[in-house]
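Asker: My questions all concern the structure below.
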Amino acid sequence: MSVPELRATIVAPEEQETEVPQRGFVGQNVPRKEDKRLVQGQGVFFDDVKRHGMGYIHFVRSPYAHAKIVSVDVSQALELDGVYGTLTGDEVAILTDPFFELSTPPGAHIQDYALAVGRVRFVGEPVAAVVAASRELARDASELVEVEYEPLEVVVDGERALEEDAPVLHEEAGSNVVWSGSFDWGDYDAALEEADRVVRIERLHFHRFSSTPLECSGALVEYNRGTGQWTMHCNHQMPGIGAIWMAPSLRVGLDKLRFVTQDIGGAFGNKICLHPYFVACCLLARKLNRAVQWTEWRTDQHQANAHGNERTFLDIEVPVRADGTMLGFSVRAIDDCGAFPRYEPLGAIIWAQVTPGCYRWRNIRVDFTQVCTNKSPVSPNRGYSRMQHLWLTERIVDIVAQQLELDPVEVRKRNYVRSDEMPYETPNGCIYDSGDYARCLDIALELIGYDSLEEKRKEAESRRKLLGVGIGSTLDSGTNNFGQSQLVNPELQFSGNNEVATVKLDIFGEIVVTLGTVPQGQGHETTAAQVVCDILGCTPDDVNVRPGHDTYWNSHAGFSGTYASQFAVTGLGAVKGATEKLAAEMKKLGSVVLGCTPDDLELAGGTVRMRENAEAALPFMALGAILNANNAGLPEDLDVTLNCRYVYRPQFEVPDLERKFGNLTLTYATQIHACVVEVDRETGAYEIVDYAAVDDCGNRIHPQIVEGQVHGATAQALGAATHETFPYDEDGNLLTPNFYDYHVPHAMDMPPLKNGFIESPSPFSPLGAKGMGEGGGAGIHATCAAIQDALAPLGQPVVYDSCNPYNRVWELMRDPAASASLVTVESRDGSRS
Amino acid sequence: MEAGTNGAPTSSRVVHVEVNGERHEREVDARRLLVHFLRDELDLTGTHVGCDTGNCGACTVHLDGEAVKSCMLLAVQADGTTITTVEGLEEDGRLHPLQQAFSDHHALQCGYCTPGMLMSAKYLLDNNPEPTEAEIRKALQGNICRCTGYVNIIEAVAAAAKGEVSA
């Protein structure tokens, strides 16, 4: 749909027909329904589920980053008392088909199985599995599995992986390239002609890290021999897609796979690509005719589950006017997805949801290549793919401001998309729905006392500290149009999006809600109840939202899950739709009983009653009982079930594949962060001394939950900006394989956070809300900018990496020319500086 | 098997523990971690495992009144001790003020770190009823949370210390 067409679909608030009252529970901080069981230690996480005689799985993992598997011998393990059985790659190759690949060739030719077949490609890759009577025994037995390897040359660098003489991971693909493509929007060459200056940046690097959810991955898997059906009590966060991968591989229908979750200990995207492990579990449950349980160890999670995408940006070119108006940019991006693509190459297009960032850039050219290396596979990670790209746009803005000696605040304000331009169509056809970036920036600056910045600099200087301020401006694009997948592979039959909810009124008047989503701490039970009770005229306590997900509740669809910042739109859109259907049915039934028309009735106080006569009322219990248990005499044609299912489907078109043009996401929440750092002049050690995060996610259903998401996204970003990194040595060994080496923020590391909020309702979403859980990595961008600002007096070093531990800052201080030389500025008259 | 008279190494042993007021006598593998004993044998699954290096604190329990990481002890080392886990925090069917404060202040999202956080926070308040913010942060530095950024956790502990919790 074009912007004019979309504008035509926007209904003015006063014209909106909605059953949601203006003042209700939506928008209030009601107590979270999830909390009581969780603070009591009565939550049920997958590892809490037990079955009689269950076996514990331990994976035998590769100590090599790249090697041929010569032989696997499980005989000694099988001889150990208490060992139930084993699984090897040879069995997997016979019993399953390789997982479906999303890429066009060459990536399409990659063969990915549940266990390594013939070759290992990263340290920690599962080679075999052992099942035993206890966790300890399984671990012992795994050490008795003899694997003979023939080591191969290793490649751990994305650029090196592209060289002609680089070792190739997947010979069937012919090279290490998974996918490559170019994107060209607007008229980039004309922008270059028009420019007063062209800023060129040789290289920027966005590092590897992940959100490292505190609960590791896993499942308890049961196989029903009679029906051929598996039940997985697990923490998969996107079962719809998980089943699409697993079922064809296992050569069964989708309905043979039942995913069950209750409480999940964080996921952040890192629990989307569990299908290789789960297929191994399924094979073992079937082979051994026994419930089997796999709990990933922390070291396994770091080495061999899911990292965030690492991306190197080369040959960045930015045409600008002398006043700081930015006309566009071009870049060559190399994305390193590790040993297997899995969810990739979707990351090769997801960034395009936010192509120009928050800015009015109209001319953009991107050359994107994704490669495999001998490192852990990646998966979506909070801020997935947009975060890398937004880091680039924010780095560009700050480097341009530095080079042109302009104020980064003024450059942002000059180039931000303006609130009066909303809904705004980006150069590649995305529609930014609403927002006011400049106002958010003003609030952030006020929160950190920007007006007195120069005094603070002087005061810090008196303590031998360099003070710097940085801004991170990001968009959390939410509610994907899966049609964007066709931009990487036109053969893929995915487009649009959907989510499901069912709402029923039970015999005793209980309202029961089931969700298709798979919550991991986002409070879905609470916010769903808020929406339901406002429509039905009752309270959140009257609404029972089933915790977690169960495939067999039949309340899910192809894209069900909790990912990509969308619950407030898709999940609650489905809840609202289902509840409105139920409300209409309750009135219809009530009208039959009370002898009136449905329009004569309203829902209030836990009853359906006459608008004109509140005494004429039927409590919910009466309605539930009449239909479900006492229905003699009801009219034959009364079409009422009191059990309503609704599929919410946002309006999307398949993008124009030729122009790579179209709307890729429905909503765009805004995050504007401001960070103040003090850097020690002698050592490079630094501290974040003030921090403000301003968020605009449209209407907030539960402000406290929104604020909690902002805190969490900010903490993860600050961790990534300062310490969290997954570096590898030249042999492909991960150097931070546990929390001892991988330093996530602790309570003493977190700076005080100041929060600000504005609400720019989305004109496109059912409740005016926007998905917002991921944030856009604004904390990384703001911290990088603040460090660059602080170090400016030392010779204008350029922050070129997204992770800046103290040693890197010290290097920037010690040799500012090294990083400064990454940037050149060409004036229109051809001179360079 | 118990240690034999021939001096062969012991691979299992009987332990006596009192957990949340209930006495247990169990034969356990000598190498079994206390956290797995609590979770897998006593079915006290509120105590969680988040790492394999003793860094995350999700498994924190009280052992004879001291906050300990139950993944860093063997079950046999707990022989003869009194243990409190998160399941033992409630008093007379009412949430402990810390539990209530965590809910009031949205100090938990996924809830996985929460039991360990609560046990570390309780140890702090047991020994320092009026902590400063810096003392609260220090007391929780052995507990990792990946959801909240600690902001609301620190507020919740401060509120519980002041008795400012909802009824």
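The values are calculated or read from the model by the stated rules, or taken from the named source; none is laboratory data. The shown structure was predicted, so the numbers you read here are calculated from the model rather than taken from an experiment. Cβ placement follows ideal geometry from the backbone for every residue including glycine, while neighbour counts extend to all protein chains displayed.
Asker: Go through the range A:778-833 and give me each residue that's hydrophobic (A, V, I, L, M, F, W, C) and under 25 Å from A:Ala713 (Cα atoms).
Answerer: A:Ala778, A:Ile780, A:Ala782, A:Cys784, A:Ala785, A:Ala786, A:Ile787, A:Ala790, A:Val799, A:Cys803, A:Val809
Asker: Among A:Val575, A:Val592, which is farther than 27 Å from A:Ser762 by Cβ, β-branched (Val, Ile, Thr) and assigned to a helix (DSSP H, G or I)?
Answerer: Matching residue, one of A:Val575, A:Val592: A:Val592.
Asker: Suppose we filter A:Thr299, A:Thr325 for residues that are surrounded by fewer than 24 Cβ atoms within 10 Å (Cβ to Cβ) and within 22 Å of A:Glu724 (Cβ to Cβ); which single one remains?
Answerer: Going through A:Thr299, A:Thr325 in turn, the sole match is A:Thr299.
Asker: Go over the candidates B:Arg39, B:Arg31 one by one and state the one that is within 23 Å of A:Asn738 (Cα to Cα), within 11 Å of chain A (Cβ to nearest Cβ) and either in a loop (DSSP other than H, G, I, E, B) or in contact (Cβ under 8 Å) with a residue 40 or more places away in the chain (or both).
Answerer: Among B:Arg39, B:Arg31, only B:Arg31 is within 23 Å of A:Asn738 (Cα to Cα), within 11 Å of chain A (Cβ to nearest Cβ) and either in a loop (DSSP other than H, G, I, E, B) or in contact (Cβ under 8 Å) with a residue 40 or more places away in the chain (or both).
Asker: Of A:Glu730, A:Glu658, A:Glu682, A:Glu724, which residue is within 14 Å of another protein chain (Cβ to nearest Cβ) and acidic (Asp, Glu)?
Answerer: A:Glu724
Asker: Also, I was wondering about something else. Hey, any hits in the range A:770-790 for a residue that's surrounded by 22 or more Cβ atoms within 10 Å (Cβ to Cβ), acidic (Asp, Glu) and more than 21 Å from A:Gln522 (Cα to Cα)?
Answerer: Yes: one or more hits.
Asker: I've got another one for you. What pairs come up if the first residue lies in the range A:521-535 and is away from chain B (no Cβ under 14 Å), the second is aromatic (Phe, Trp, Tyr), and their beta carbons are under 6 Å apart, counting only those six or more places apart or on different chains?
Answerer: A:Gln530/A:Phe25; A:Cys533/A:Phe25; A:Asp534/A:Phe25
Asker: Within the range A:227-280, how many residues are away from chain B (no Cβ under 14 Å) and outside any helix (DSSP H, G or I)?
Answerer: Total satisfying the criteria: 19.
Asker: Which of the residues belonging to the range A:685-708 are of a type in the set (Phe, Trp, Tyr) and away from every other protein chain (no Cβ under 14 Å)?
Answerer: A:Tyr686
Asker: Here's another thing I want to ask about it. Across the range A:472-502, what is the total count of residues that are acidic (Asp, Glu) and more than 17 Å from the chain's Cα centre (by Cα)?
Answerer: 1
Asker: List the pairs whose first member sits in the range A:745-759 and is within 7 Å of chain B (Cβ to nearest Cβ), whose second member is hydroxyl-bearing (Ser, Thr, Tyr), and whose Cβ atoms are under 7 Å apart, counting only residues at least 6 apart or on separate chains?
Answerer: Close Cβ pairs satisfying both conditions: A:Ala747/B:Tyr150; A:Met750/B:Tyr150; A:Leu753/A:Tyr691; A:Leu753/A:Thr714.
Asker: May I ask you to list the residues in the range A:30-75 that are without any contact (Cβ under 8 Å) to a residue 24 or more places away in the chain, assigned to a loop (DSSP other than H, G, I, E, B) and buried (at least 22 other Cβ atoms within 10 Å of the Cβ)?
Answerer: Answer for the range A:30-75, where residues must be without any contact (Cβ under 8 Å) to a residue 24 or more places away in the chain, assigned to a loop (DSSP other than H, G, I, E, B) and buried (at least 22 other Cβ atoms within 10 Å of the Cβ): just A:Gly41.
Asker: Here's another thing I want to ask about it. How do the pairs read when you match residues in the range A:684-697 that are on the phi > 0 side of the Ramachandran plot with residues anywhere that are surrounded by fewer than 24 Cβ atoms within 10 Å (Cβ to Cβ) and hydroxyl-bearing (Ser, Thr, Tyr), using Cβ under 8 Å and keeping only pairs 6 or more apart or on different chains?
Answerer: Matching pairs, first to second residue: A:Gly684/A:Tyr806.
Asker: Tally up the residues in the range B:100-119 that are surrounded by fewer than 24 Cβ atoms within 10 Å (Cβ to Cβ) and either more than 9 Å from chain A (Cβ to nearest Cβ) or in contact with a strand residue (DSSP E or B) (Cβ under 9 Å, 6 or more places away or on another chain) (or both), please.
Answerer: Matching residues across the range B:100-119 total 1.
Asker: If the requirement is being modelled with pLDDT of 95 or more, farther than 22 Å from A:Ser211 by Cβ and over 29 Å from the mean Cα position of the chain (by Cα), which of these qualifies: A:Asp542, A:Asp550?
Answerer: Only one candidate qualifies: A:Asp542.
Asker: In addition: Kindly list, by first and then second residue, each pair from a residue in the range A:310-322 that is in contact (Cβ under 8 Å) with a residue 24 or more places away in the chain to a residue that is part of a loop (DSSP other than H, G, I, E, B) and of a type in the set (Asp, Glu), limited to pairs with Cβ atoms under 8 Å and residues at least 6 apart or on different chains.
Answerer: As it stands, the answer is A:Val320/A:Asp196; A:Arg321/A:Asp196; A:Ala322/A:Asp196, since those pairs meet every condition given.
Asker: Let me ask something else about it. Are there helices (runs of 4 or more DSSP H) fully within the range A:431-531 with at least 1 residues that are of a type in the set (D, E, K, R)? List them.
Answerer: Hits in the range A:431-531: A:437-447, A:453-462.
Asker: Another one. Does the range B:132-151 hold any residues that are within 12 Å of another protein chain (Cβ to nearest Cβ) and more than 24 Å from A:Asn270 (Cα to Cα), and which are they?
Answerer: B:Glu133, B:Ala134, B:Glu135, B:Ile136, B:Arg137, B:Lys138, B:Ala139, B:Leu140, B:Gln141
Asker: Could you tell me how many of the residues in the range B:74-94 are surrounded by fewer than 19 Cβ atoms within 10 Å (Cβ to Cβ) and part of a loop (DSSP other than H, G, I, E, B)?
Answerer: The qualifying residues number 5.
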